[in-house]
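Notes follow the structure.
The values are calculated or read from the model by the stated rules, or taken from the named source; none is laboratory data. Owing to the predicted nature of the structure, the values given are computational and were not obtained by experimental measurement. Every residue, glycine among them, receives a Cβ derived from its backbone with ideal geometry; neighbour counts consider all protein chains shown. Note: areas computed on protein heavy atoms with side chains; ligands, DNA, RNA excluded. Shrake-Rupley method; radii C 1.70, N 1.55, O 1.52, S 1.80 Å.
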Amino acid sequence: FFANLRAGEGKAARAYLQSRGVNKESQRVFALGFAPGGSNLLQLHLGQKGIQQEEMLAAGLVIKRDDGRVIDRFRDRLMFPITDVRGRVVGFGGRLLGPGEPKYLNTPETQVFHKKSLLYGLHLALPAIRQEKTVILVEGYLDVIALHQHQLTNAVASLGTAFTPEHGRLIKRYAREVILLFDSDEAGRKATDRAIE
């Protein structure tokens with residue numbers, strides 16, 4: 001995904017990132033990528049690396065359709081690697097670049113990917129969180145990246161899901177204070193109320 005973003009086929013994804021003000025250094029630090037539109041490009045790539053289809057299915061990288069065909073889960077999407085607290089990639093979030101739904105798609109629950117207990121950007125935010133004992137909780141991947149670009153490197157986000165008790169326990173290990181910085185629309189206000197509780 002990382003290499004695809006820099007190749008010719010990643011032009012639309014690069015344009016989108018530029019329109020959102022995401023600079024090349026942030027693209028590198030957050031290891032952003034691009035999943036092309038083909039239905040089996042990732043399968044072919046992983047197959048060349050010796051990865052079996054069963055492993056791809058277990059990792060949530062491909063899906064089996066009702067007709068039995070196996071296709072790539074992420075197609076024509078800007079890709080956000082999701083890491084654990086040690087910086088190991090455990091899943092992906094993908095933003096659709098063209099029309100369609102869902103706009104954002106995450107890796108499904110797997111042996112290593114548990115959405116309710118992961119925070120986007122935490123491994124990069126940890127040094128600042130430990131120093132300041134404060135975490136800034138935002139709604140989305142691009143919000144985290146924007147704050148990090150502006151030296152607010154203690155920002156993290158839940159993965160398109162409500163803030164959970166597991167998220168709270170994870171943050172409590174490193175911070176004494178949480179600043180909620182959600183959108184000011186009705187959904188953002190409701191999310192803020194739930195997170196405060």
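Points to keep in mind about this one:
- Prolate/oblate/rounded call for the range 41-102, Cα gyration tensor, a/c under 1.5 rounded: oblate
- Set of the range 140-154 residues, backbone N closer than 19 Å to the point 7 Å along the Cα-Cβ line of residue 130: 152-154
- A 1.4 Å probe run over the chain, with the rest of the protein chains in place, finds 56 Å² accessible per residue.
- Magnitude of the charge dipole, the chain, Cβ model with Lys/Arg +1 and Asp/Glu -1, debye to 20: 480
- Estimated 222 nm signal from helices in the chain, with DSSP H stretches of n ≥ 4 weighted -39500 (n - 2.57), rounded to 500: -10000 deg cm²/dmol
- Residues residue 116 and residue 193, FRET efficiency given R0 of 25 Å [Cβ-Cβ distance, rounded to 0.05]: 0.85
- Within a straight-line Cα-Cα reach of under 14 Å, residue 11 can be paired with the following aspartates and glutamates, leaving aside sequence neighbours fewer than 8 residues apart in one chain: 76.
- Once you reduce the range 125-177 and the range 7-21 to the center of their Cα atoms, the two points are 26 Å from each other.
- Extension gain for residue 67 to residue 7 (0.36 nm times residue separation, less C-alpha to C-alpha distance): 18.3 nm.
- Cα gyration tensor shape for the range 83-197, rounded if a/c is under 1.5, else prolate or oblate: rounded
- Straight-distance crosslink candidates among lysines, where the alpha carbon sits under 17 Å from residue 116 and sequence neighbours closer than 8 are dropped: 172
- Peptides 105-117, 185-197 ordered by packing proxy, namely the average of other Cβ atoms within 10 Å per residue, highest first: 105-117, 185-197.
- Label sites at residue 44 and residue 164, each approximated as a point 7 angstrom past Cα along Cα to Cβ, lie 3.6 nm apart.
- Portion, in percent, of the accessible area of the range 88-155 that falls on carbon or sulfur, probe 1.4 Å: 54
- Separation in nanometres of the label points that stand 7 Å from Cα toward Cβ, at residue 16 and residue 88: 2.9
- By average C-beta atoms within 10 angstrom, highest first, the peptides 15-27, 86-98, 133-145: 133-145, 86-98, 15-27
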